Amino acid sequence: MRIKTTINYSPNFNPKKRTIRQIKFIIFHYTGMKKESAAISRLTNIQSEVSSHYLIKKNGDIVVMVPDLYIAWHAGKSSWKSFKSLNKNSIGIEISNPGHENNYLNFSKKQVQSIIYLSKSLFKKYKIKSSNVLGHSDIAPFRKKDPGEKFPWRYMAKFGMAKWHSLSKKTLKEKRLKMINTNEKKNFFKNLFKIGYSKKVLNKKTLVSTFQRRFRQELINGKIDQECLLISQNLAKKLG
């Protein structure tokens, strides 16, 4: 598979290099802007103070913006398990997409191909664990929704480059919208914290929606049901 890669360096990064061992995560984002050109301009503008290591364009082309061994400014205030401020330990990948506020679109087939291609390369280079491939919303649920419910997490898991549950559609459908009790609700959040989500998210409905946007993409309503509980149990056993 031939994917075009170009360079358009951003000035927004830490000047001190990090070590290969410090790179443990891949964080996916969407650009959240109407025009791709505007997104590229923002990511390379010194005044914006934001950047990423890579940008995947609508046509699947990959743009290198910050070399891997420098810390790009993409994650912001963030946490996952014992890690805080994930910029220092992650590779940030932006994907051209207008996002939830601008007519959120499906990611193109060429973009998905490039996501897989780039992820494979980074996995090999830095020995990334599939459990450490995350979305911006996973590490900052109190303020972010990207890359959103249209991101191909399940498809990535088929290649071993993301985590997904091992439950059948039939089993899940039977549990959808079925009520849970108080103890089950407590267990659901315990499972989320085992998986890696922050305990400091005050708005629990936001945390539920974030979990659904990642692992129950067909229905995002911020309400915990038996389906969500079952998925959380399955993932906690794998990731806890």
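Here, each number is a calculation from the coordinates, and none is a lab measurement. Bear in mind that the values here come from a model prediction, so they are computed numbers and not experimental data. All Cβ positions, glycine included, derive from the backbone under ideal geometry; neighbour counts span all protein chains shown.
Annotation: aspartates and glutamates with alpha-carbon distance below 14 angstrom to LYS145 (same-chain offsets under eight excluded): GLU94, GLU101. Pairs spanning more than 28 Å between alpha-carbon atoms, out of LYS124/LYS150; LYS77/LYS110; LYS84/LYS178; LYS127/LYS170: LYS77/LYS110; LYS84/LYS178; LYS127/LYS170.
Working from label points 7 Å from Cα in the Cα-to-Cβ sense, the LYS124 to ALA38 distance is 3.8 nm. Using the Cβ of GLN226 as centre and a radius below 13 Å, the other residues enclosed give a net charge of +3, where K and R count +1 and D and E count -1. Within the chain, the whole DSSP H helices whose Cα atoms reach 18 Å or more along their own axis and whose mean Kyte-Doolittle score is at least -0.5 are 109-126, 226-239. Take the Cα of ASN203, step 7 Å toward its Cβ, do the same at ASN103, and the gap between the two points is 2.6 nm. Show which lysines lie in cross-link reach of LYS125 when reach means a straight Cα distance below 21 angstrom and same-chain residues fewer than eight apart are skipped. The qualifying lysines are LYS4, LYS16, LYS17, LYS24, LYS88, LYS158, LYS163. In whole angstrom, the stretch 1-124 maps to an equivalent ellipsoid with semi-axes of 22, 17, 15, each derived as √(5λ) from the alpha carbon gyration tensor and ordered largest first. Its DSSP H runs of at least 4 residues, each contributing -39,500 (n - 2.57), put the calculated 222 nm mean residue ellipticity of the chain at -10500 deg cm²/dmol, to the nearest 500. The slack between ASN183 and LYS84, meaning 0.36 nm per residue of separation minus the straight C-alpha distance, is 32.7 nm. Entry note, the stretch 54-118: relative contact order of 40 percent, from Cα contacts under 8 Å with a spacing of 6+ residues. Neighbours of PHE25, meaning other residues whose beta-carbon lies under 11 angstrom from its beta-carbon, give a summed charge of +3 when Lys and Arg score +1 and Asp and Glu score -1. Panel order for SER166, SER108, SER41, SER137, by other beta carbons found within 10 Å of each beta carbon, from fewest to most: SER166, SER41, SER108, SER137. Kirkwood-type hydrodynamic radius, the stretch 169-239: 12.0 Å, calculated from all non-identical alpha-carbon pairs. Our summary gives the stretch 169-239 a relative contact order of 50 percent, counting only alpha carbon pairs under 8 angstrom and 6 or more residues apart.
Partners of LYS194 within straight-line reach, counting aspartates and glutamates whose Cα lies under 17 Å from its Cα and excluding those fewer than 8 residues away in the same chain: ASP138, GLU184. If the chain linking GLU218 and ASN8 were pulled fully straight, counting 0.36 nm for each residue of separation and taking away their Cα-Cα distance, it would gain 72.0 nm.
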